[in-house]
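Input: a single structure, listed below in structure tokens.
The values are calculated or read from the model by the stated rules, or taken from the named source; none is laboratory data. Bear in mind the structure is a predicted one, so any value in this text is a computation, not a measurement. Methodologically, a virtual Cβ is constructed for each residue, glycine included, from the backbone with ideal geometry; neighbour enumeration extends over all protein chains shown.
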Amino acid sequence: MFHFDFTFPSILILLIFLYFFLSEPRLPVRKNRLFFLLVLVELLVLLFDILSSNADMNYQDLPIWLTAVLNMAYFVFFLARILLYFFYTLNILRRFPDVRSPAMLLYSSVFFLSELLVLSSFWTGAVFLIDQNGYHRGPFYNIIYVCFFFYLLLSFLFIFLERKKLSRRDQISIIGCNVILLCGYIVRMLMPQYLVLNVFYLMALLVIFISFENPAVYTTSYGSFSFPALREYLEERVEKGDFRVLGFALRNYSDAREIYGIKQMEQGIRLICSYIKKTYPSLPFFYLRSGCFALVGPEKMDVRKLADDISARFHRPWVADETELYLNAVFLQMSSTAGSLDADQVVESLALSLFDIGQRDVTGDGLLDLDLSTLLRHEIAVKRALDHAVETGSVDVFLQPIMDAQTGAVIGAEALARLRGDQGSLIFPNDFIGLAEKNGQIIRLGEQVLEKVCRFFSEHDRRQLQWVNVNLSPIQCMNPELRTRFVDILSRYRVPPPFIHLEITEASMIDYTVLTEQMNELRNRGFCFVLDDYGSGYSNLSRLQRLPFTGIKLDMEIVRAHCKDPNPVLPTLVRVFRERGLSITAEGIETDAVAEEMTAIGCDYLQGYLFSRPVPMDEFRQKYL
Ligand code: C2E
Ligand code: MG
Ligand code: MG
């Protein structure tokens, strides 16, 4: 006697899965194909479970062959199901083997052997037997459990081996899924008459759906695929080495957002997405973020024509909520021949470059070729070096001496951050400070620099120097914890605050109120402030005067401009600053003539390659301390 209480609700739930799977656009990737097969096979198992169990109970009324065929179909799908789960697990672990590889043969062997026994049962009665007395288990019935435990053990083995590839959440999901199946089989072995194993399979499906198939992750509200979807899709395409990407970015996206308003722009993006999807239904289409899009096709795809066509559409406005949006797009392409990069690198560089070209003033409707092998390799290397330095606290600090203009003696120094690339090459701040500011790493990086400076000067005789300049980024200035962290670091190394001069640029004056408060606090604790790169931007003198600076550093551009074409502007400025009690440093001094001129107009300190380039701390100690 079989109990069907669990099977009918299970079928209904499966149909819901199927509906949602088919109604949403799905990426053509292996993971989704496997999931679809899982749902389908699960449905078939349920169907034949009901049919065969009924036939087994009513065998007298049915021809023997029919009962046998129904049982056979049930066992066939029953075995296929566990193989599919195993493959799904392998795929999540990025270990799915090539179809013609020996690994594939090995993995499938147990499945095929079991299926062979099932199919032969019609004549041999190996797994089951139907005769005048109905259904009996055959001598090889337990092969279905052997098959299950074989794949389950393999799954756990691979999960263990590849655990580092997965996030904690994904680990829990995939382990959970397999544990649920294990419980299901134990229950089935104990109570075979309850058709309850299917419920466990359903639970496992649910875990998979939520963790790995969630449409909210892979689609956007604009109707395109999302950024994580692009990563996944490219992972398979990169493996096959056959793809071409056409990316495009809305020119000056953030300005456009300000002009048209957020709502209108969102509407605009929705219109662009639906236009592309309708015009190129066979090409997976992705919206990354901030006005950046990507279409992916095969290597032979004619991107030039595609770019021209899409560009032509941008010559007409996008009409959203009674507003006409006039948008411009810049295009770039990238292909699988670009080099041996992995999917992460491809996606990352694509996103970075798209974002970048959208902001830059690239003219015309040209199609930029993304040469990954050089430019972006560098960008990726920088990002890697930055992550590493921040994680391990291994940023390098160089010191550049600052000279007293009158005596020519070293009087101070500026601390400048450096990173080390893969081969130990130096990476300069202009390459990584911007990135560190964007992702917030600048906070930890800045603290590291200060800490290294303090440690160095607490271990060596610093009497030679009056102060050391440390650069502060605008992001650090906005950080409310800055004061306590900096005071902490100094007291840990017993460095008196007046020894540290913090250099900030005009870019820090985003929020004047916060900055004033921050500066006053730190001033009260003894730190000094120097305005860096004076003359490189539009200076708001009245604002500057109200901030508690003790010194000004003239940018090398303004220094050079003056020396090339001397006029009274700079000398007057210097005089005014000095009258207000500010010290003046001239940066970028490369020749004696410039040094003399700067001294003559009243600069107190000089810094530049003429005296020394920034050098590693040890070298600085040997030379100057
Ligand atoms: P900055 O603060 O204006 O630093 C001066 C830059 O000019 C340094 O470049 C220095 O090597 C360079 N320099 C010095 N003398 C000469 C010269 O005679 N000729 C020329 N052509 N260049 C000279 P560097 O080290 O590449 O730093 C660039 C910028 O990166 C710095 O400009 C500073 O704004 C930023 N930076 C460096 N280290 C840090 C840091 O630890 N934290 C933060 N937030 N920013 C940093
Ligand atoms: Mg500086
Ligand atoms: Mg400077």
(message) Just to be sure I understand, how many residues within the stretch 588-603 are out of contact with any Leu (no Cβ under 6 Å at 6 or more places or on another chain), crowded, with 21+ Cβ neighbours inside 10 Å and under 21 Å from A415 (Cα atoms)?
(response) 1
(request) Write out, first by first residue and then by second, each pair whose Cβ atoms fall under 6 Å of each other, whose residues are 6+ apart or on separate chains, and whose first residue, in the stretch 235-257, is farther than 19 Å from F314 by Cβ while the second is part of a strand (DSSP E or B). (result) F243/V296; R244/G297; R244/S335
(message) Would you confirm, using the coordinates I've provided, whether Y609 is of a type in the set (F, W, Y) and away from ligand 3 (no atom under 16 Å from the Cβ)?
(response) no
(message) Can you list the helices (runs of 4 or more DSSP H) lying wholly within the stretch 195-247 that have 2 or more residues being among the β-branched types (V, I, T)?
(response) 197-212
(request) Run down R580, R575 and say which single residue is over 30 Å from D488 (Cα atoms) and at pLDDT 95 or above. (result) R575
(message) I need every pair where a residue in the stretch 528-557 that is under 10 Å from L582 (Cα atoms) has its Cβ under 6 Å from the Cβ of a residue that is among the small types (G, A, S) and part of a strand (DSSP E or B), sequence separation at least 6 or different chains.
(response) V530/G551; G551/S583
(request) Filter the stretch 477-508 down to residues that are within 16 Å of ligand 2 (Cβ to nearest atom) and within 18 Å of I433 (Cβ to Cβ) and give me whichever is surrounded by the fewest Cβ atoms within 10 Å (Cβ to Cβ). (result) A507
(message) Suppose we filter F549, F499 for residues that are touching a Phe, Trp or Tyr at 6+ places or on another chain (Cβ under 6 Å) and within 16 Å of ligand 3 (Cβ to nearest atom); which single one remains?
(response) F549
(request) Sort out which residues of the stretch 229-260 are surrounded by fewer than 14 Cβ atoms within 10 Å (Cβ to Cβ) and over 17 Å from M334 (Cα atoms), and write them in order of number. (result) S254, D255, E258, I259
(request) Give me a count of the residues in the stretch 492-520 that are of a type in the set (D, E) and modelled with pLDDT of 95 or more. (result) 1
(request) Filter the stretch 120-138 for residues that are within 56 Å of the chain's Cα centre (by Cα) and either among the polar types (S, T, N, Q) or at positive phi (or both) and give the result. (result) S120, S121, G125
(message) For the structure I just gave you, tell me whether Y218 is surrounded by fewer than 21 Cβ atoms within 10 Å (Cβ to Cβ), touching a Lys or Arg at 6+ places or on another chain (Cβ under 9 Å) and among the aromatic types (F, W, Y).
(response) no
(message) Of the residues S536, S473, only one is closer than 21 Å to V397 by Cβ and of a type in the set (G, A, S); which?
(response) S473
(message) Could you check the stretch 403-428 and list, in sequence order, the residues that are crowded, with 16+ Cβ neighbours inside 10 Å and either assigned to a loop (DSSP other than H, G, I, E, B) or under 40 Å from the mean Cα position of the chain (by Cα) (or both)?
(response) A405, A413, E414, A415, L416, A417, R418, L419, I427
(message) Looking only at the stretch 604-614, count every residue that is among the hydrophobic types (A, V, I, L, M, F, W, C) and either more than 16 Å from ligand 2 (Cβ to nearest atom) or surrounded by fewer than 20 Cβ atoms within 10 Å (Cβ to Cβ) (or both) and tell me the total.
(response) 2
(message) Being surrounded by 13 or more Cβ atoms within 10 Å (Cβ to Cβ), more than 16 Å from ligand 3 (Cβ to nearest atom), under 15 Å from A413 (Cα atoms) and among the charged types (D, E, K, R): is that true of R543 here?
(response) no
(request) Please enumerate the residues belonging to the stretch 445-472 that are of a type in the set (D, E, K, R) and in a helix (DSSP H, G or I). (result) E447, E451, K452, R455, E459
(message) When the residues of the stretch 485-542 are narrowed to those that are within 16 Å of ligand 1 (Cβ to nearest atom) and of a type in the set (S, T, N, Q), which ends up nearest to the chain's Cα centre (by Cα)?
(response) S508
(request) Would you mention how many residues in the stretch 509-536 are of a type outside the set (D, E), more than 17 Å from E437 (Cβ to Cβ), more than 13 Å from ligand 3 (Cβ to nearest atom) and not in a strand (DSSP E or B)? (result) 11
(request) Answer with yes or no whether Y74 is crowded, with 17+ Cβ neighbours inside 10 Å, touching a residue at least 24 places away in the same chain (Cβ under 8 Å), farther than 25 Å from L182 by Cβ and hydroxyl-bearing (S, T, Y). (result) no
(message) Please go through the stretch 543-580 and give me each residue that is more than 16 Å from ligand 1 (Cβ to nearest atom) and within 20 Å of Q518 (Cα to Cα), ordered by number.
(response) R543, L544, Q545, R546, L547, P548, T550
(request) Within the stretch 513-559, count every residue that is within 13 Å of ligand 2 (Cβ to nearest atom), in contact with a Gly (Cβ under 9 Å, 6 or more places away or on another chain) and over 27 Å from R485 (Cα atoms). (result) 3
(request) Please state which of the following conditions P566 fails to meet, knowing it meets all the rest: (1) part of a loop (DSSP other than H, G, I, E, B); (2) more than 15 Å from ligand 2 (Cβ to nearest atom); (3) at pLDDT 95 or above. (result) (3)
(request) Identify all residues within the stretch 561-587 that are loosely packed, with under 14 Cβ neighbours inside 10 Å and in contact with a helix residue (DSSP H, G or I) (Cβ under 8 Å, 6 or more places away or on another chain); write none if there are none. (result) P566, V569, R580
(message) Looking only at residues that are without any contact (Cβ under 8 Å) to a residue 12 or more places away in the chain and exposed (fewer than 15 other Cβ atoms within 10 Å of the Cβ) in the stretch 89-103, which one is farthest from F209 (Cα to Cα)?
(response) P102
(request) Consider C477 carefully, then state whether it is away from ligand 3 (no atom under 14 Å from the Cβ), out of contact with any Lys or Arg (no Cβ under 7 Å at 6 or more places or on another chain) and under 25 Å from A593 (Cβ atoms). (result) no
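Yes/no matrix, rows are residues, columns are (1) in contact with a Leu (Cβ under 8 Å, 6 or more places away or on another chain); (2) in a loop (DSSP other than H, G, I, E, B); (3) in contact (Cβ under 8 Å) with a residue 24 or more places away in the chain:
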{"residue": "S311", "(1), (2), (3)": "no, no, yes"}
{"residue": "E324", "(1), (2), (3)": "no, no, no"}
{"residue": "M334", "(1), (2), (3)": "yes, no, yes"}
{"residue": "D344", "(1), (2), (3)": "no, no, yes"}
{"residue": "S349", "(1), (2), (3)": "yes, no, yes"}
(message) Could you check the stretch 600-614 and list, in sequence order, the residues that are aromatic (F, W, Y) and near ligand 1 (Cβ under 7 Å from one of its atoms)?
(response) Y609
(message) Out of Y260, Y253, Y218, Y185, I need the residue that is within 30 Å of L153 (Cα to Cα) and at pLDDT below 95. Which one?
(response) Y185
(request) Return the pairs, sorted by first residue and then second, in which the second residue is crowded, with 18+ Cβ neighbours inside 10 Å and of a type in the set (K, R), the first residue lies in the stretch 502-516 and is touching a residue at least 40 places away in the same chain (Cβ under 8 Å), the beta carbons are less than 7 Å apart, and the residues are 6+ apart or on different chains. (result) E503/K553
